[in-house]
There are 2 protein chains.
Amino acid sequence: MATDARFERINTVLDRRQMDLTVLMEHVNKPHNLSAIVRTADAVGVHDLHAIWHDQDLERSNFYSSGSNNWTRVHRQPDIDTAVDTLKQQGMQILATNLSDSAIDFREVDYTKPTAIILGTERFGISERALELADQHIVVPMMGMVQSLNVSVASALILYEAQRQRDIAGLYQHAQGVEAQEKQRLLFEGCH
Amino acid sequence: MATDARFERINTVLDRRQMDLTVLMEHVNKPHNLSAIVRTADAVGVHDLHAIWHDQDLERSNFYSSGSNNWTRVHRQPDIDTAVDTLKQQGMQILATNLSDSAIDFREVDYTKPTAIILGTERFGISERALELADQHIVVPMMGMVQSLNVSVASALILYEAQRQRDIAGLYQHAQGVEAQEKQRLLFEGCH
Ligand SMILES: C[S@@+](CC[C@H](N)C(=O)[O-])C[C@H]1O[C@@H](n2cnc3c(N)ncnc32)[C@H](O)[C@@H]1O
Ligand SMILES: C[S@@+](CC[C@H](N)C(=O)[O-])C[C@H]1O[C@@H](n2cnc3c(N)ncnc32)[C@H](O)[C@@H]1O
């Protein structure tokens with residue numbers, strides 16, 4: 001792509017970014033899941049993601065070298081209390097994905113509000129503490145024998161429901177977009 | 001779970017199966033993608049999946065031993081022409097997922113009709129021949145910088161749109177369900 005066209009493209013994408021929509025990953029460990037989640041986030045205009053990792057968690061280097069996270073930011077959080085506190089201070093509703101009867105269908109939520117979606121670890125799901133701190137528990141309905149979906153699949157279904165609602169509400173036309181400094185950084189890196 | 005309850009559960013799941021909704025995977029190779037696709041298929045009531053593989057394709061043994069494909073059937077197809085022919089003879093509309101301008105938004109399709117969704121290989125996407133044979137090309141809209149979604153993510157978004165439409169149309173209440181012989185097999189295996 002010619003540099004001018006590419007510059008325009010990056011500009012447009014960054015202007016549509018939904019700064020009040022985010023994901024908080026609680027010990028999501030597998031590089032292929034992290035990479036799929038970040039790609040989907042980028043595709044629906046999420047710019048900031050948050051993650052809590054144990055030091056011993058994963059092959060994160062694999063993930064960081066995959067290139068799929070160049071267009072978004074993954075902020076490392078020390079623990080769930082701090083993470084949720086930070087997001088609540090930004091006025092976000094906190095949704096915990098959870099496979100239980102207390103959870104409502106993910107399509108019933110209003111995602112045009114500032115929203116953070118908590119995703120659980122592959123093996124054991126979301127922590128008790130995260131469930132406690134959340135404003136709402138949500139679930140993707142399942143009609144089969146398998147107990148849970150892949151975490152990147154579940155997050156994509158929720159993020160694209162948010163995209164659908166926000167598109168209808170005109171939130172991509174009138175987006176806040178990323179702040180000037182981040183924009184400069186990405187335009188510089190993306191066009192050189 | 002007590003055997004009676006488990007028997008009931010399996011019965012109900014198999015009676016809701018959508019025998020006229022399927023996926024055709026063209027050289028989808030990575031075990032974690034195959035496993036995520038099969039889990040999602042099970043969750044929306046797809047019982048039969050189709051796959052074309054090269055002999056040298058993947059670590060398929062990994063996939064077969066993961067257990068996630070116990071509740072669905074993956075039929076191996078020799079080539080794309082035979083596969084599409086088989087599905088067309090079953091009266092299915094053939095949708096090819098494709099990242100091009102000729103593709104329509106995946107949400108505009110009527111999935112209450114008998115439907116097969118073709119998914120492309122991780123690296124290169126769908127073949128020219130598959131695009132030729134398809135009735136329609138569909139795309140999941142993307143508003144970011146990354147070019148494509150993970151294949152299990154893309155298929156899940158499409159399958160859950162089908163689930164949404166079919167649920168509204170009452171197709172889970174009045175499903176064909178799996179045939180008697182397959183039902184016996186799964187009830188036997190699942191309760192022993
Ligand atoms: C593989 S699941 C964890 C399964 C774990 N055994 C449990 O019971 O929670 C990993 C994460 O994927 C997400 N997830 C998977 N299936 C989901 C569903 N049907 N609805 C909502 N979230 C789901 C949740 O974030 C979950 O914590
Ligand atoms: C990673 S993509 C292949 C990318 C490849 N470079 C191309 O240009 O097609 C693998 C498969 O995922 C599916 N896929 C990925 N993103 C999609 C999207 N936005 N819409 C529809 N299907 C998509 C398609 O089946 C595609 O063949």
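Read-outs throughout are calculated quantities, based only on the coordinates presented, and are distinct from any laboratory measurement. The structure presented is a predicted model; accordingly, all values stated were derived computationally and were not measured. Glycine also receives a Cβ, built like all others from the backbone with ideal geometry; neighbour counts cover every protein chain displayed.
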The one condition B:ILE104 fails out of (1) of a type in the set (A, V, I, L, M, F, W, C); (2) within 6 Å of ligand 2 (Cβ to nearest atom); (3) more than 9 Å from chain A (Cβ to nearest Cβ) is (2)
Do you know which of the residues in the stretch A:108-150 that are within 11 Å of ligand 1 (Cβ to nearest atom) and under 19 Å from A:VAL46 (Cα atoms) is farthest from the other protein chains (Cβ to nearest Cβ)? A:ILE118
Look at A:LEU157 and say whether it is touching a helix residue (DSSP H, G or I) at 6+ places or on another chain (Cβ under 9 Å) and under 19 Å from B:GLN165 (Cβ atoms). yes
How many residues are within 20 Å of B:ASN29 (Cβ to Cβ) and out of contact with any helix residue (DSSP H, G or I) (no Cβ under 8 Å at 6 or more places or on another chain) if we restrict to the stretch B:122-154? 8
